[in-house]
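Below: the structure, in structure tokens.
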Amino acid sequence: MLKQVLKTGYGLKPFRVTQRNFLSEAYLCREEWQARLTTPVLAKVNHDALYYELEHKFQRKNKVSAIDIDIYANKLLDDSHIDEVADLLYKFRLTEEASNVLPSTQHAIVRNYIQHSRYAELIEMLDNRIGYGVFLDDFTANLALNQLVTTNEFKWAARFATLLGLQEDFGNPITRALATYGSYRYIKDGEIDHFDDLVPPPPVDPAETKKKKKEEIKVRVKFLRNEFFDDHFDLRDSKLLLGKTFFTLGLSHGAGVLGDSCRLLGLVLYGKWEKAVALLGQGLEINADVAKLVRTFAEKVDNKEDEQYNKLLEALSVLESNAKLSSESFEKLLLDDINKSVAENEQSQIKEQAKIYSEWCNIRHQRLDDELARLQRAKRIQDVERLAHQMEQEEQKLWFFENEDKIDLQIDSKKVIYPKRWFGKKKKPRVIDEGYVPPEVRQRQGQ
């Protein structure tokens, strides 16, 4: 779909800029999403008051319920409380209630970040899986990728694609098509920058840096743990991340020019020369644009003395001389794949997401009722225990004289008798000679 954006300038005639938009406006499900605010659970919530209440619970009990975090996250209307919700979610992950988090909580947070283009904060949250426990679902992934691709933010789109690649879940056709297109457009020119540049480092106070250097303490340890690299979540290099992502995308696309080309490109970026040679030996159909891009990245390798690397270059030469290479523009193939995926799956996903939003409202209402019932039950138990304690005290007062001996025995049994300590053998006191006269006094008397 093409979206016409009208722009005017001072002293200039109006002109139209054509901007591609793959997903329709209906895909956003704005009305269904805003309907949550009209439910009784969220309608009467004061967002600021709820935040201070949650902070008080963390400080006093270090425990809040999952439904409280969900209500706070779904009540977000702008980006003024984004830092607060991230802080609350991080604290919540350290509690035992973290396993009861609702799927609507993650969805609300991610959707709010995407809506206000807070990509750096969202990437930081998604990359810290243990600290926040937030993941992209199919719907939020499509919203993010569509927004980034249509605004030519291909580096951001490639970064989101790598996060999805680590999850190894490209089952959604729209997500797979958008991720492949965004990643390819980013590396199309043969240059890859490090993704760490997308998230600016936090400001460092020079005074604190000097203080830390002075207070540095070295501790001797008995042993050092062996380094472990899982070749998956430990990947930090952007080239390796994109290589693993392209290979996963190729497997998801299946057999064909798209799948085969993505797998070859991924293995080369990933540095798996032996697997790339084996793949080329299968006689698969590779796109000509991808073959040129593979050659470009292969020639930028520092270690060119590897035997498998030289075999890869020979196989690429054979491939480039093969007349069976697909000469159609690879970018056009990806665009056609996006349009096809959107046409076949958009309407069904819109209906499914609208249904999910309605179910989340019901689940939220049910969980709130369960939480209120739990609190009331705990309060009743507390009241019964307090009443029983008061009755016991009144009974002691009424039957004191009848049970006086028994009470005295109880008091005696509670007394703690400490053993006597031995401080060593006592010394005899010094005998003082009362007739003793110091020498100085005698000398003075003699004078």
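May I ask you to verify whether Ile350 is part of a helix (DSSP H, G or I), touching a His at 6+ places or on another chain (Cβ under 9 Å) and surrounded by 15 or more Cβ atoms within 10 Å (Cβ to Cβ)? Steps first, answer last, please.
Values: part of a helix (DSSP H, G or I): yes; touching a His at 6+ places or on another chain (Cβ under 9 Å): no; surrounded by 15 or more Cβ atoms within 10 Å (Cβ to Cβ): yes.
Taking the combined requirement at face value, the residue does not satisfy it.
Taking each residue of region 145-174 that is more than 18 Å from Met125 (Cβ to Cβ) and among the aromatic types (Phe, Trp, Tyr) and looking for partners that are modelled with pLDDT under 95 and not in a helix (DSSP H, G or I) with beta-carbon atoms closer than 9 Å, six or more apart or interchain, yields Phe154/Lys188.
Conditions (1) of a type in the set (S, T, N, Q); (2) open to solvent by less than 100 Å² (accessible area, probe 1.4 Å); (3) under 54 Å from the mean Cα position of the chain (by Cα); (4) at pLDDT below 80, marked per residue:
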| position | (1), (2), (3), (4) |
| --- | --- |
| Gln376 | yes, no, yes, no |
| Gln382 | yes, no, yes, no |
| Ile411 | no, yes, no, no |
| Pro419 | no, no, no, no |
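Within the span defined as region 334-343, one or more residues are of a type in the set (S, T, N, Q) and either touching a helix residue (DSSP H, G or I) at 6+ places or on another chain (Cβ under 7 Å) or open to solvent by less than 90 Å² (accessible area, probe 1.4 Å) (or both). Residues in region 151-176 that are open to solvent by less than 20 Å² (accessible area, probe 1.4 Å) and within 16 Å of Ser24 (Cα to Cα) were compared, and the one that is nearest to the chain's Cα centre (by Cα) is Thr175. The residue that is most open to solvent (accessible area, probe 1.4 Å), counting only those in region 301-330 that are over 18 Å from Leu269 (Cβ atoms) and acidic (Asp, Glu), is Glu305.
Picking from residues in region 94-133 that are part of a loop (DSSP other than H, G, I, E, B) and either crowded, with 20+ Cβ neighbours inside 10 Å or on the phi < 0 side of the Ramachandran plot (or both), the one that is farthest from the chain's Cα centre (by Cα) is His116.
Criterion applied to Tyr72, Tyr27 was being at pLDDT 90 or above, out of contact with any Gly (no Cβ under 7 Å at 6 or more places or on another chain) and closer than 30 Å to Thr180 by Cα, and the one residue passing it is Tyr27. Residues that are without any contact (Cβ under 8 Å) to a residue 40 or more places away in the chain and within 14 Å of Val85 (Cβ to Cβ) within region 115-127 comprise Gln115, His116, Arg118, Glu121, Leu122, Met125, listed in sequence order. Selection of first residues in region 323-350 that are farther than 20 Å from Leu249 by Cα and of second residues that are small (Gly, Ala, Ser), restricted to Cβ pairs under 6 Å at least 6 apart or on distinct chains, gives the following pairs, ordered by first then second residue: Leu325/Ala288; Ser327/Ala288; Ile350/Ala26. Of the residues that make up region 421-432, is at least one open to solvent by 90 Å² or more (accessible area, probe 1.4 Å), modelled with pLDDT of 75 or more, basic (Lys, Arg) and assigned to a helix (DSSP H, G or I)? No, that holds for no residue.
Of Asp70, Asp83, Asp78, which residue is surrounded by 22 or more Cβ atoms within 10 Å (Cβ to Cβ), charged (D, E, K, R) and farther than 21 Å from Leu241 by Cα? Result: Asp70 is the single residue among Asp70, Asp83, Asp78 that is surrounded by 22 or more Cβ atoms within 10 Å (Cβ to Cβ), charged (D, E, K, R) and farther than 21 Å from Leu241 by Cα. Examine region 296-303 for a residue that is touching a strand residue (DSSP E or B) at 6+ places or on another chain (Cβ under 7 Å) and not aromatic (Phe, Trp, Tyr), and state whether such a residue exists. No, region 296-303 has no match at all.
Taking Glu402, is it closer than 30 Å to Thr180 by Cα, open to solvent by 90 Å² or more (accessible area, probe 1.4 Å) and of a type in the set (Asp, Glu)? Quick ask: steps written out before the conclusion?
Working: closer than 30 Å to Thr180 by Cα: no; open to solvent by 90 Å² or more (accessible area, probe 1.4 Å): yes; of a type in the set (Asp, Glu): yes.
Taking the combined requirement at face value, the residue does not satisfy it.
Out of Ala288, Ala276, Ala298, which single residue is over 24 Å from Arg176 (Cβ atoms), open to solvent by less than 30 Å² (accessible area, probe 1.4 Å) and more than 27 Å from the chain's Cα centre (by Cα)? Give the steps one after another, and end with the answer.
Numbers: Ala288 fails: over 24 Å from Arg176 (Cβ atoms); Ala276 fails: over 24 Å from Arg176 (Cβ atoms).
Criteria check complete, one pass: Ala298.
The values are calculated or read from the model by the stated rules, or taken from the named source; none is laboratory data. Here the structure is a predicted model, which means the values were calculated and not measured. Every residue, glycine among them, receives a Cβ derived from its backbone with ideal geometry; neighbour counts consider all protein chains shown. Ligands, DNA and RNA are stripped out before the accessible areas are found, and what is left, the full protein with its side chains, is counted by its heavy atoms. Shrake-Rupley method; radii C 1.70, N 1.55, O 1.52, S 1.80 Å.
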